[in-house]
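The values are calculated or read from the model by the stated rules, or taken from the named source; none is laboratory data. These figures come from a predicted structure and were not determined experimentally. Cβ placement follows ideal geometry from the backbone for every residue including glycine, while neighbour counts extend to all protein chains displayed.
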Amino acid sequence: MAKNKLMKFDEMKTMERVFEPRMTEFMEGNYPLKGKWRTEVFKNDNPIVLELGCGKGEYSVGLGRKYPNQNFVGIDIKGARIWRGAKHANEENLTNVAFLRNVVDFVEHFFGENEVDEIWCTFSDPQPKKPNKRLTSREFIKRYKKILKPDGIVHLKTDNTLLYESTLEEIEEHGYEVLQNSNNIYEKDWDTFDEETQEILSIKTHYETLFANKGFKIKYVSFKVD
Ligand SMILES: C[S@@+](CC[C@H](N)C(=O)[O-])C[C@H]1O[C@@H](n2cnc3c(N)ncnc32)[C@H](O)[C@@H]1O
């Protein structure tokens, strides 16, 4: 492994709010932080928002800055990407931002029932050949329902038409309540968003920048999965 990557992995082990649970720690359903993120990690009673497949955690850090009275957890399997977000959060002393390195597939092992208020899926892999692996597929939404509060919200921001449209189909099939929806946020629907939503949607992730530069239209949908 590259020396640089090893250094990042070592540094992550010293970071207070970066967690890298091993299988044996959570597969029996006894992950020590499950149901206890507020008391054990954030030491407050504020809402918890997850960013799934967070990469470098631009949304976790960006929202963490904007909302000091909410808690954010970025989850990704790639350690070197998480390192970037964790480093920013540490440098800015964002004690309301944490990172968890593992697959999202196990998300219900890490959080307790009703522990999570909102979930962001930011430029998730579209998984063209494995629809069940899409982070907004019914398999994943089933997992989210186990940890989300009854009024919990899922946000999808993506450049990918297949992922966006399959999410809309899932929403329609299950009758989920759509809160915001646009197939072209910047060029078509920007003025329809209120100022707060515009600020939130202005946060740009690494992959968003890559795809937007190639001319892809950025799409956004938020919905309640109650
Ligand atoms: C296209 S990248 C987007 C990263 C970031 N959200 C962004 O917009 O720049 C997808 C990310 O999801 C992560 N990922 C994909 N499937 C995952 C899974 N099942 N569990 C955890 N991370 C996953 C990948 O490691 C990668 O960092």
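Of the candidates Glu196, Glu208, Glu187, the single residue that is at pLDDT 95 or above, in contact with a Phe, Trp or Tyr (Cβ under 8 Å, 6 or more places away or on another chain) and charged (D, E, K, R) is Glu208. Within region 109-121, restricting attention to residues that are closer than 24 Å to Glu16 by Cβ and within 13 Å of the ligand (Cβ to nearest atom), the residue that is surrounded by the most Cβ atoms within 10 Å (Cβ to Cβ) is Ile119.
Out of Phe106, Phe99, one residue alone is within 12 Å of the ligand (Cβ to nearest atom), at pLDDT 95 or above and either under 18 Å from Thr205 (Cα atoms) or of a type in the set (Asp, Glu) (or both). It is Phe99. For region 205-221, a residue qualifies if it is closer than 25 Å to Glu172 by Cβ and either part of a loop (DSSP other than H, G, I, E, B) or away from the ligand (no atom under 16 Å from the Cβ) (or both), and the qualifying residues are Phe216, Lys217, Ile218.
Listed here are the residues, each with its yes/no results for (1) part of a loop (DSSP other than H, G, I, E, B); (2) modelled with pLDDT of 95 or more; (3) away from the ligand (no atom under 13 Å from the Cβ).
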position	(1), (2), (3)
Glu139	no, yes, no
Asp151	no, no, yes
Leu163	no, yes, no
Ile203	yes, yes, no
Phe223	no, yes, yes
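Right, Ile48: more than 15 Å from the ligand (Cβ to nearest atom), within 24 Å of Arg134 (Cβ to Cβ) and either among the basic types (Lys, Arg) or touching a strand residue (DSSP E or B) at 6+ places or on another chain (Cβ under 9 Å) (or both) or not? In short, yes.
For beta carbons closer than 8 Å, sequence separation of 6+ or different chains, a first residue in region 114-127 that is within 12 Å of Tyr207 (Cβ to Cβ) and a second that is among the β-branched types (Val, Ile, Thr) and surrounded by fewer than 24 Cβ atoms within 10 Å (Cβ to Cβ), the qualifying pairs are Thr122/Thr205; Phe123/Thr205.
Taking the conditions exactly as written (touching a helix residue (DSSP H, G or I) at 6+ places or on another chain (Cβ under 6 Å) and within 25 Å of Asn132 (Cβ to Cβ)), does Gly74 satisfy them or not? Considered against the rule, which asks whether it is touching a helix residue (DSSP H, G or I) at 6+ places or on another chain (Cβ under 6 Å) and within 25 Å of Asn132 (Cβ to Cβ), Gly74 comes out as yes. Checked against the criterion of being at negative phi, touching a His at 6+ places or on another chain (Cβ under 9 Å) and aromatic (Phe, Trp, Tyr), region 109-116 contains not a single residue that satisfies it.
Considering region 1-58 alone, what residues qualify as being hydrophobic (A, V, I, L, M, F, W, C) and part of a helix (DSSP H, G or I)? Listed by number, the residues that qualify are Leu6, Met7, Phe9, Met12, Met23, Phe26, Trp37, Val41, Phe42. Restricting region 71-82 to residues that are surrounded by 24 or more Cβ atoms within 10 Å (Cβ to Cβ) and farther than 17 Å from Glu139 by Cβ leaves a set whose member that is farthest from the ligand (Cβ to nearest atom) is Asn71.
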